[in-house]
Amino acid sequence: MKIHFYKYQGAGNDFILIDNRNLEFPKTSVSTIQKLCNRNFGIGADGLILLENCSGFDFKMIYYNADGNEGSMCGNGGRCVTAFANHLKLIKSETNFIAIDGGHFATIENDLVNLQMKNVSKINVFDTHVFLNTGSPHHIQFSPTIKAINVKEEGAKIRNGAPYFKEGTNVNFTEQCSEDSFKVRTFERGVEDETLACGTGVTAVALAAFETGKTKHKTIIIEVLGGKLEVSFEKENNLYYNVFLKGPAALVFEGSISI
């Protein structure tokens with residue numbers, strides 16, 4: 001079977017995008033998804049995204065980690081699938097689509113996609129870290145500098161350790177640069193390695209920074225290995241709402257591959 005695919009990247013977080021409105025892709029085949037995401041034997045990507053029809057929405061996003069298993073919400077993936085839907089002429093400058101964590105609104109302006117993330121009402125602040133869920137679970141550690149951290153090694157220890165164990169968590173190492181900007185390096189579960197960017201991760205960092213008083217700004221610039229992203233939000237009582245993740249989403253190439 002031959003499939004047509006598109007390769008997109010959002011701040012270096014790269015994805016295989018497939019138009020699966022005909023439901024032909026074998027999405028229960030973990031080994032097929034693993035092979036396609038493999039950087040030596042396949043196309044190579046941090047994850048694979050299927051675009052499908054869904055009543056009441058412009059489309060449905062189904063996200064798979066590079067390990068072949070369906071994942072939780074992926075912020076940069078959501079921005080890339082929005083750009084993909086625009087490329088397919090399913091949408092123009094805005095969209096309402098559904099993902100595993102519910103409905104999402106997004107807008108497109110030039111090559112920038114601004115994606116509304118889920119509201120967050122619970123942020124757990126500990127002495128050594130912060131934990132919250134922005135569509136995916138995130139453990140956040142603030143450090144004076146993150147350049148020398150072995151993110152793969154240290155992230156794996158936290159990802160599989162107490163209290164996360166089998167379910168695991170994404171792990172973010174964060175350095176404050178100014179009153180409204182931070183650097184972030186992320187270990188992503190499912191990829192089991194450091195990625196160049198993580199959308200739900202930088203969103204979590206922005207909210208954690210505000211919650212812990214490290215910033216008073218509600219629009220925050222996050223520098224990742226693959227570029228820069230912007231997170232904006234509002235807060236009322238304990239609820240963070242109108243949470244938006246903004247940044248580039250670009251088509252890299254397209255092609256066909258036998259599976």
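Data for the structure
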read-out	value
Subset of segment 149-174 [in a loop (DSSP other than H, G, I, E, B), modelled with pLDDT of 95 or more and exposed (fewer than 15 other Cβ atoms within 10 Å of the Cβ)]	Asn150
Complete set of residues in segment 3-58 that are more than 16 Å from Leu88 (Cα to Cα) and among the acidic types (Asp, Glu)	Asp14, Glu24, Asp46
Evaluation of Leu48 against (1) farther than 19 Å from Gly247 by Cα; (2) touching a Pro at 6+ places or on another chain (Cβ under 7 Å); (3) of a type in the set (A, V, I, L, M, F, W, C) (one fails), failing number	(2)
Any pair with Cβ under 6 angstrom, 6 or more apart, that starts in segment 213-242 at a residue that is of a type in the set (Lys, Arg) and ends at one that is buried (at least 16 other Cβ atoms within 10 Å of the Cβ) and not in a strand (DSSP E or B)	none
Residue match in segment 95-104 (condition: assigned by TED's automatic domain parsing to the domain that holds Arg21 and farther than 16 Å from Phe57 by Cα)	no
Within segment 1-49, tally of residues that are of a type in the set (Lys, Arg) and either buried (at least 24 other Cβ atoms within 10 Å of the Cβ) or not in a loop (DSSP other than H, G, I, E, B) (or both)	3
Pair list, Cβ < 9 Å and 6+ apart or interchain, from segment 153-182 residues that are touching a residue at least 24 places away in the same chain (Cβ under 8 Å) and more than 23 Å from Ala209 (Cβ to Cβ) to residues that are surrounded by 15 or more Cβ atoms within 10 Å (Cβ to Cβ) and hydrophobic (A, V, I, L, M, F, W, C)	Ala156/Val171; Ala156/Phe187
Residue in segment 46-58 that is more than 20 Å from Val252 (Cα to Cα) and in contact with a Gly (Cβ under 8 Å, 6 or more places away or on another chain) present	yes
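Residues are listed down the side, and each one gets a yes or a no for (1) β-branched (Val, Ile, Thr); (2) closer than 30 Å to Thr32 by Cα; (3) outside any loop (DSSP other than H, G, I, E, B):
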site	(1), (2), (3)
Lys183	no, no, yes
Thr186	yes, yes, yes
Val191	yes, yes, no
Val202	yes, yes, yes
Ala209	no, no, yes
Ile222	yes, no, yes
Tyr241	no, no, yes
Leu245	no, no, yes
Ser256	no, yes, yes
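The values are calculated or read from the model by the stated rules, or taken from the named source; none is laboratory data. These numbers come from a predicted model, not from an experiment. Quick reminder, even Gly has a Cβ in these numbers, built from the backbone with ideal geometry, and neighbours come from all protein chains shown.
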